[in-house]
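Please read the structure below before turning to the comments.
The values are calculated or read from the model by the stated rules, or taken from the named source; none is laboratory data. Since we're looking at a predicted model, the values are computed, not measured. No Cβ is skipped: glycine too gets one built from the backbone with ideal geometry, and neighbour counts run over all protein chains shown.
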Amino acid sequence: MYHKGLGSGENGEFTFLDTLGILSFIIGTMNFNENLTQGDKQDLLEEFSTKADVLLKEIHSHLEKQDNKLDKILEEISNDSRRNL
């Protein structure tokens, strides 16, 4: 049997199934690229989340130190005011 065209029809013409196969391949390729993009986004979100956690812990630690310093200052002011009475 000799085919003149690339399709699966009797004379090498494209059939409905050939068209579906091509469309399926194109959609699969598009989905593959989209899935890679979603994976990249997820990796970035995880990285940002980790960095945000580190920054929040640093900020919390800094604020806790500032609170302790303020408590000491207030205690000294309170002690000084009692001595002056």
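All but one of (1) at pLDDT below 80; (2) of a type outside the set (F, W, Y); (3) surrounded by 10 or more Cβ atoms within 10 Å (Cβ to Cβ) hold for R83, so report the exception by its number.
Tallying (1) at pLDDT below 80; (2) of a type outside the set (F, W, Y); (3) surrounded by 10 or more Cβ atoms within 10 Å (Cβ to Cβ), R83 fails exactly one: (3).
Which of the residues belonging to segment 8-37 are assigned to a helix (DSSP H, G or I) and of a type in the set (F, W, Y)?
Hits for segment 8-37 are F16, F25, F32.
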